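Participant: Below: one structure in structure tokens.
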Amino acid sequence: MTSAHDVEAVRAAEQAAAAGLPGGLVTLVERASAALAGVVGSELRAAAGRVYGSRAVLLVGSGTNGGDALQAGALLARRGAAVTALLAAERAHGPGLAALRAAAGRVVEDAAGEVGLAALAAADDVVPGLLGVGGRPGLRGAAAALAGAAARSSARVVVVDVPSGVDVTTGALPPASAPAPAAASGGGGSGTAAAVRADVTVTFGTAKPALLLPPASALAGRVVVAPIGLGDLGEPVVERLGARELAALWPRPDGESDKYSRGVLGVVAGGATFTGAAVLSTGAAVRAGAGMVRYLGPTPPTDLVRARWPEVVPGPGRVQAWLLGPGVDPDDEGQGEHVREALAQDVPCVVDAGALPALVTALEEGERGSAGTLVVPHAGELVRFLGLLGHDCTRADVQARPLEHARRAVDASGVVVLLKGSTTLVVDPDGEGGGPRPPVRAQADGTPWLATAGSVGDLAGLVGALAALALAPRDAGAVGAAVHGLAAHAASGGGPLHAEAVLHALPEVLTALLVDVPRG
């Protein structure tokens with residue numbers, strides 16, 4: 001699991017750790033710099049085949065983030081790398097500058113001038129240390145010009161702690177970075193950038209929230225958490241499940257299991273227009289291992305479901321959880337009646353787009369059962385859900401600040417929200433008795449090829465099956481999103497895929513996960 005902690009908790013842990021070290025904070029900086037130099041050295045060997053004689057350029061701000069870059073640069077220079085520090089501020093970390101100069105590194109004060117930009121263009125690796133966790137979001141002046149030049153270079157970019165310019169706490173990007181993820185590090189035709197885009201981020205002690213939270217997480221590249229000896233950091237604020245956690249959470253049958261104890265999922269999906277949603281969502285539940293899937297719907301999708309998945313049982317009956325809404329027309333009175341009846345029961349409900357209006361009505365009128373509820377919207381559907389709850393926003397608002405809007409929906413409705421995206425967020429209400437809410441789950445296991453019609457039906461059925469298998473909404477959402485992403489990778493093989501291919505890949509992915517990964 002990768003965990004991210006609040007910035008203030010990290011600062012407190014650093015101070016506490018430094019108090020117990022002979023060298024204090026200097027020792028922590030040395031540890032961080034050594035870890036950074038080790039990763040940069042590995043990247044230089046990958047890019048140039050060696051460290052000796054390779055070219056590294058440091059982008060240096062005025063704070064300790066720049067100091068870490070300078071100290072790491074000194075270590076690389078002692079190994080024979082040609083290291084150039086471009087100073088983006090009037091002052092820089094004194095001990096770091098002294099260390100780099102003592103190691104025969106070069107310092108360029110006119111960082112965005114001809115000499116500095118020429119060094120950037122020739123670099124094998126670029127190490128931005130412009131702003132740290134205390135920096136205000138957005139780069140300006142020389143820092144913005146250097147970040148833009150780094151984005152245009154062919155060098156690998158290894159970032160110090162966090163990509164400079166992002167909002168470290170929320171994962172939001174500065175305005176010039178926000179509109180288009182593909183150009184998130186660019187600032188348009190000016191040649192500047194409001195935030196740095198990394199190939200690798202070396203973060204110290206623990207991940208920082210922006211490294212896991214969208215949209216900033218798209219700028220972080222591969223995240224390497226370097227231990228530097230911090231003590232207790234308290235509870236994380238964001239976490240990402242890895243293979244070990246997925247294997248531990250996935251429900252497994254035992255010798256006494258039967259189809260009823262394995263979880264019975266009721267599905268209300270599809271309609272006259274979106275018949276495929278019924279086929280895909282029931283199929284995902286079947287292939288994920290639900291003991292039984294019951295389907296309620298009109299004749300055309302029912303016939304298709306029975307033809308494709310003969311093990312699915314049509315008609316009502318007792319269930320352990322409901323999946324409501326994939327492909328459902330909210331104005332379809334027949335499907336609407338099934339949705340309302342399901343919401344009134346005291347069983348967990350996974351609610352997709354077509355059932356969101358009925359859910360809001362049930363919540364307002366006190367007709368929702370007492371069991372957990374998980375809604376699974378994408379950005380546009382979250383806009384509609386928030387509108388039904390009395391909060392107006394746009395799709396662009398949600399994409400720019402997804403965590404903020406997911407939390408707004410959670411607070412207004414009291415349900416768990418899974419916000420689908422390239423990084424899927426699972427956000428819970430406050431804990432029992434008004435206690436702290438659990439850490440946000442942020443899963444980024446998929447592939448861009450998953451942006452295809454029908455894939456949300458796959459995900460909904462998978463999450464619904466896990467709810468029927470008695471996973472809490474929070475776990476069902478995060479585990480389902482992760483496994484869905486892994487299945488998409490397996491089905492894609494690096495190229496296009498279609499939704500049914502993801503279903504076919506599920507057993508293979510689950511077998512590998514449950515057999516090959518230790519549970520402990």
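The values are calculated or read from the model by the stated rules, or taken from the named source; none is laboratory data. Computed from a prediction, not measured in an experiment: that's the story for all the values here. No Cβ is skipped: glycine too gets one built from the backbone with ideal geometry, and neighbour counts run over all protein chains shown. These area figures cover heavy atoms from the full protein model, side chains too; ligands, DNA and RNA do not enter into them. Shrake-Rupley method; radii C 1.70, N 1.55, O 1.52, S 1.80 Å.
Participant: Which of the residues spanning the range 239-265 are out of contact with any helix residue (DSSP H, G or I) (no Cβ under 9 Å at 6 or more places or on another chain) and open to solvent by 50 Å² or more (accessible area, probe 1.4 Å)?
Facilitator: Of everything in the range 239-265, those that are out of contact with any helix residue (DSSP H, G or I) (no Cβ under 9 Å at 6 or more places or on another chain) and open to solvent by 50 Å² or more (accessible area, probe 1.4 Å) turn out to be ARG244, PRO253, ASP254, GLY255, GLU256, ASP258, LYS259, TYR260, SER261.
Participant: Can you find a residue that is open to solvent by less than 50 Å² (accessible area, probe 1.4 Å) and in contact with a Cys (Cβ under 6 Å, 6 or more places away or on another chain) anywhere in the range 362-370?
Facilitator: No, the conditions are met nowhere in the range 362-370.
Participant: Filter the helices (runs of 4 or more DSSP H) completely within the range 288-387 down to those with at least 3 residues that are among the basic types (Lys, Arg).
Facilitator: By residue number, no helices (runs of 4 or more DSSP H) qualify.
Participant: Kindly list, by first and then second residue, each pair from a residue in the range 76-103 that is free of Cβ contacts under 8 Å to residues at least 24 places away in the same chain to a residue that is open to solvent by 20 Å² or more (accessible area, probe 1.4 Å), limited to pairs with Cβ atoms under 8 Å and residues at least 6 apart or on different chains.
Facilitator: ARG101/VAL107
Participant: So if I check each of ALA184, ALA216, which one is open to solvent by less than 10 Å² (accessible area, probe 1.4 Å) and at pLDDT 95 or above?
Facilitator: Every option except ALA216 fails the conditions.
Participant: Here is a further query. Restricting attention to the range 102-131, which residues are in a loop (DSSP other than H, G, I, E, B) and either touching a Lys or Arg at 6+ places or on another chain (Cβ under 9 Å) or open to solvent by less than 20 Å² (accessible area, probe 1.4 Å) (or both)?
Facilitator: Scanning the range 102-131 gives ALA103, ALA104, GLY105, ALA111, GLY113, ALA123, ASP124, LEU130.
Participant: Sticking with this one: GLU333 passes all but one of (1) modelled with pLDDT under 95; (2) under 17 Å from LEU280 (Cβ atoms); (3) of a type outside the set (Gly, Ala, Ser); which number fails?
Facilitator: GLU333 satisfies every listed condition except (2).
Participant: Being on the phi < 0 side of the Ramachandran plot and surrounded by fewer than 23 Cβ atoms within 10 Å (Cβ to Cβ) narrows it down to one residue among PRO348, PRO314; which is it?
Facilitator: Being on the phi < 0 side of the Ramachandran plot and surrounded by fewer than 23 Cβ atoms within 10 Å (Cβ to Cβ) holds for just one of PRO348, PRO314, which is PRO314.
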